[in-house]
Each structure stands twice: as structure tokens, then as C-alpha cells.
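A.B. asks: I have a structure I would like to understand better, so I am pasting it below and will then ask my questions one at a time.
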Amino acid sequence: MSRYLDTPEILNLVCNHAGIAASSKLLTVNRRLFSIVVPFVWKSIDSPLHLLALIPDSDFKKIGNDPIKCEYDITLPPYATADFTRFDLYAQHVRSLDIHRVRYKVIQWSTLTSRSRAGPLLPGLQSLDIWNIPLFHDGSFSEELMWARVFLTQSVTSIRFCREMGIWAPFAPHQTILSLLDTIQKTCPNIDNLALPSISQDAEFLSRPLPGIPPSRLDNYLAHFSGLRRLQVGVWILGQDIAHVLGSLTQLNELFLHPEEELFPLPDISPFDDNTFPSLRKLSY
């Protein structure tokens, strides 16, 4: 049996059938099995704690016992003394990462931001999902922005900002959304799947046309996402007179417009020409 398990293709089938929990037990069998199983075990991570725990002297303080409301305050050692040896060993295998903002709060970001400037924390990352529960959200979206900045890398093709409850997307200030788009544009040249937050219905923006983002700025960002195949965004984007810019994305084949928590009247949109949305196959609302 051992000679079959030494064959990577066969072992990969075994791991896929057995699941991560069972496959992780093979890590201690021998060095060869370790090298084959590690990429499978670390391929998809559902918590940043699994990675950050690999940095010595990291501290996680759990606040609350409710599985929904509990948070972890994360304290990392200073960058000058932080040892990323074990982190780097496993982080290179991570392909997808889920971050639930309500549960993980970094007390001091300088360790991660400094390390990310020296080189990507997750060099093989392909998919990043950042979730929140609005009921326990402070509205700033600053934590989500920081997670994106430290973990996004050139290999990422999918990034989604998601809401854990309800049918709406999470909400963020308009300047934060601009910062998110700026980070994605500069970091992820091959992005093909993007889910954006909606605009906060904060009093600060009530006197401005929704969502308060200069159309020319949105035009510039969207133009850089020419390889985008799937876009999930709020109806607010149609109020920025850039529907035709969306229609110019030649690779876009799925567009999902999610509703807003507050009533948002659809604007009048002039007819599209025959070259608009050339690849669109699915439109959802």
C-alpha cells in the first residue's frame, strides 16, 4: 500500500476523498507523504488564525462565547523580531482564504504590512473572500480594507466582499470603495471575479447623488478590469452613468446587481448599441 501512497496522483485522489481532517493525519507518517499532503491540507483556509498562529509569540484573545458574536483580538510580535519561517513554509500552498471580519481584529497591522511590502504573504493565493455581519459592524470597513491590502497578490483572480446574513452586500464608505478598487487595480492584473460592497447610506452622503463616487474615477478603475468575467455589484453603480462602461467589458459574461437596503430608483439608461456586453450570458437581480 505504501508504494501506492508514494504516487502523488494517487495520494491526491485519496486526500480529495478523505477530506482535510483525515488527510492531515498523513502529515506525520514520513517526510515524503508530508511534502505531498501539505499542499492539499493548506489549499483552502477558512480562518487567518491558522496562518498567523505559525508566527512565534503571536497572541489571540477570544472575546465572547457566542459563535456568531465572538471575536479574536490578534496581537503579533514587532516586524523586526517576527519569525515568518514556518508561516512561509505553509503560506506558499494557500490558494483560497476566507476572512470573517467580525471574528478577527488585528491590534497592530505594522507587522503584516511591513512583511507584505517585502514580498507577498500568500504568493500563490487565487481567491480571497472577506465576510462581515453588518449587525456587529462599525461601518468603517477599515478592517476589510487592511485584510485586502496585506493578502492580495498578483496571482489573485477572485476577490469578494460578502455579507454573512441577508440578501444585500456589505456596506462601505465611498472613499473606502475607491481605495479597494485602487488596491485591486494595482495588485491583481488578472482579476476575473469581483464582488463589491454597496455604498453606506450614511448622513454624510445623503446630500450627494448616490454613491458619491466621481464617475470619471470609476471609469478609470473599470477600464483596467478588462479581463473581468463575473461582477457582483449594487444597483448604485447604474446611478453613476457608467452602465455603458460596464457594457464595454468584453469578457464580462455574468453580471449580478444586488438590491440596496434603502429604496434606490433605477435611472433612465439610454439604449445600448449592438456592441455592448458582447459576452454577457447571465444577468441577475
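The values are calculated or read from the model by the stated rules, or taken from the named source; none is laboratory data. In this text, all values refer to a predicted model and were calculated from it rather than measured experimentally. Note that we place each Cβ from the backbone using ideal geometry, even for glycine, and neighbour counts take in every protein chain shown.
A.B. asks: Within the stretch 201-244, count every residue that is modelled with pLDDT under 75, within 24 Å of Cys188 (Cβ to Cβ) and either in contact with a Cys (Cβ under 8 Å, 6 or more places away or on another chain) or polar (S, T, N, Q) (or both).
C.D. replies: 2
A.B. asks: Search the stretch 171-193 for residues being crowded, with 18+ Cβ neighbours inside 10 Å and touching a helix residue (DSSP H, G or I) at 6+ places or on another chain (Cβ under 7 Å), and hand back the single one that is modelled with the highest pLDDT.
C.D. replies: Ile191
A.B. asks: A further question on this structure: Give the residues of the stretch 44-71 that are at pLDDT below 90 and over 22 Å from Glu144 (Cα atoms), sorted by residue number.
C.D. replies: Hit for the stretch 44-71 is Asn65, nothing else.
A.B. asks: Taking Ser155 as meeting all but one of (1) outside any loop (DSSP other than H, G, I, E, B); (2) farther than 19 Å from Trp109 by Cβ; (3) modelled with pLDDT of 90 or more, write down the number of the exception.
C.D. replies: (1)
A.B. asks: Oh, and also: What tally of residues in the stretch 85-132 results from selecting those that are within 19 Å of the chain's Cα centre (by Cα), more than 25 Å from Ile191 (Cα to Cα) and outside any helix (DSSP H, G or I)?
C.D. replies: So the count comes out to 4.
A.B. asks: Kindly provide the set of residues from the stretch 82-111 that are of a type in the set (Ser, Thr, Tyr) and either crowded, with 17+ Cβ neighbours inside 10 Å or in contact (Cβ under 8 Å) with a residue 24 or more places away in the chain (or both), ordered by number.
C.D. replies: Tyr90, Ser96, Tyr104, Ser110, Thr111
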